[in-house]
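The values are calculated or read from the model by the stated rules, or taken from the named source; none is laboratory data. Treat the numbers as computed from the prediction; the structure is a model and nothing was measured. Please note: Cβ atoms are built from the backbone with ideal geometry, for glycine as well, and neighbour counts cover all protein chains shown. Ligands, DNA and RNA are stripped out before the accessible areas are found, and what is left, the full protein with its side chains, is counted by its heavy atoms. Shrake-Rupley method; radii C 1.70, N 1.55, O 1.52, S 1.80 Å.
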Amino acid sequence: MGKLRIPRMGRSDDAANKAASQDDAVPATGAARLRGRLRPATPEDPVVRTPNEGVDRGMVIGRGLRWTSSWALRGLLIFAALWVSLKIIGLFWSALLPVFLALTVSTVLWPPVRWLRQNGFRPAAAAATVLLSSIAVVSSIFALMAPSVSSQVPELTKNSIDGVRKVQDWLQGPPFNVQPDQIDNAVKAVTDKLQTSGDKIASGVFSGVSVASEILVTLLVAAILTFLMLKDGPNFLPWLRSVAGRGAGAHLTELLNRVWQTLCGFIRTQAIVSAVDATFIGIGLIALRVPLAIPLAIITFFGGFIPIVGAFVAGSLAVLVALVTKSVTTALLVLLIVVLVQQIEGHVLQPLLQSRSMALHPALILLGIALGGQLFGIVGAFFAVPVAATVAVTLRYLGEQIDLRTGDLDPESVKPLTPEGKYAVEQARDDIHPETKPDLADKLTDL
């Protein structure tokens, strides 16, 4: 079909021929352009009003929105599944707590159990020996601490009363200048509140008895589960592979081994860091003659298993005891010791010991502790970091498998922990994805 060449008004013949040659070089691709050549363009012409000469922008935007809505729906489904999982964990928390405690204790006790098994002990004998020995050590620590606490309680009570009076005198002086009647009114308000809440306090005593019994039952069940895990733990992964099959079993074996290695590294490293903190803070408290120095050091040790937050709370408690039993100067010295020890921990011990085992940003640790404490209290804050580490290891493993399938990761650079992990790498290297069928998100976005 020939090209239309219509000379424009007011042009010379050379200009008209040049325009015609340009029209020959660019063929008419649509009715709009053809109309543009047949008549002069007007402000009402769609081509002039909408300068979109390529692919229709509406089609591009629609395709992007469809992709975005599809992934948004998948994200909502994932978050809904996580929410349901947390609700289920909350419903069965009393049953799951001993399991989590047993797993945590098993990561600490497994190395000596493995050593005993390698040196001729039967699995049951090795597990029982290590578990009973650890219980004896912990019980001895609390037994040795009890006389010190009981002997210093009267002195602590007397010094606490004197410390409160010192605080009152301090508040009445400059720069606060609080009037004595204001302090008396505040004390009276607290006393009245306690008196009006007598029934609740009395009921809380009885509920506290039930809570104590629940704690004892939880610890007993956790001890039994720890023994069983130490005794039969190596048989779990073979059973899991027999149930899950060759492909899924290989992934689960490699992933669970990585999670276990990370948790063991975290618990052992945190124990070393906590022991260093407790030792130096305890020495400082003893040197300053602060009452309950040994119990405060032990609290510091156990508080260190909650990173960042635990050490801060334990240090604050030590400063508070020094303030009410000694003086402001002693409290400031204790604060200096706590801050110095925590700075050494944060800038030397933590990066040196935990960089390889955890590789978690401090912001993620704080968010995990806050979320765990909000959902499950102190126990949730204690388990927050191991759970966050488990999630991080899982995401890294999934990213590794994706990179192997996309070709962005060399299979030779992957160092699996197990033979099953090596098999999973080989399968990922040779994997060719078939055409996938539309899932629920695709069907809903097509509506």
Check your understanding: If you take just the helices (runs of 4 or more DSSP H) that sit entirely in segment 280-349, which of them hold at least 2 residues that are open to solvent by 10 Å² or more (accessible area, probe 1.4 Å) and touching a Pro at 6+ places or on another chain (Cβ under 9 Å)?
Key -> 309-325
Practice item. Give the residue, chosen from Ala16, Ala102, Ala28, that is at pLDDT below 75, part of a helix (DSSP H, G or I) and surrounded by 12 or more Cβ atoms within 10 Å (Cβ to Cβ). Key: Ala16
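The rows are residues; the columns are (1) under 28 Å from Leu292 (Cβ atoms); (2) modelled with pLDDT of 70 or more; (3) touching a strand residue (DSSP E or B) at 6+ places or on another chain (Cβ under 9 Å).
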{"position": "Val153", "(1), (2), (3)": "yes, no, no"}
{"position": "Pro174", "(1), (2), (3)": "no, yes, no"}
{"position": "Lys193", "(1), (2), (3)": "no, no, no"}
{"position": "Phe227", "(1), (2), (3)": "no, yes, no"}
{"position": "Pro234", "(1), (2), (3)": "no, yes, no"}
Check your understanding: Do we have Leu116 as open to solvent by less than 80 Å² (accessible area, probe 1.4 Å), in contact (Cβ under 8 Å) with a residue 24 or more places away in the chain and not small (Gly, Ala, Ser) here?
Key -> no
Practice item. Take the residues in segment 124-148 that are crowded, with 16+ Cβ neighbours inside 10 Å and touching a Leu at 6+ places or on another chain (Cβ under 8 Å), then tell me which one is nearest to Ile306 (Cα to Cα). Key: Ser134
Revision key, fill the gap. Reported set for segment 356-378 where residues are open to solvent by 60 Å² or more (accessible area, probe 1.4 Å), of a type outside the set (A, V, I, L, M, F, W, C) and either at pLDDT 75 or above or not in a helix (DSSP H, G or I) (or both) is Arg356, His361, Gln374
Practice item. Would you point out which residue out of Val209, Val243 is open to solvent by 90 Å² or more (accessible area, probe 1.4 Å), farther than 26 Å from Ala126 by Cβ and modelled with pLDDT of 65 or more? Key: Val243
Review point. So which residues in segment 392-447 are at pLDDT 80 or above, over 30 Å from Gly62 (Cβ atoms) and of a type in the set (Lys, Arg), if there are any at all?
Key: Arg396, Lys415, Lys422
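Take the residues in segment 85-99 that are open to solvent by 70 Å² or more (accessible area, probe 1.4 Å) and touching a helix residue (DSSP H, G or I) at 6+ places or on another chain (Cβ under 9 Å), then tell me which one is farthest from Ala127 (Cα to Cα). Give the steps one after another, and end with the answer.
Initially, segment 85-99 is screened for residues open to solvent by 70 Å² or more (accessible area, probe 1.4 Å), giving 86-88, 91-92, 94.
Still in the list and also touching a helix residue (DSSP H, G or I) at 6+ places or on another chain (Cβ under 9 Å): 86, 94.
Values: Leu86: 32, Ser94: 25 Å.
Per the stated criteria, the residue is Leu86.
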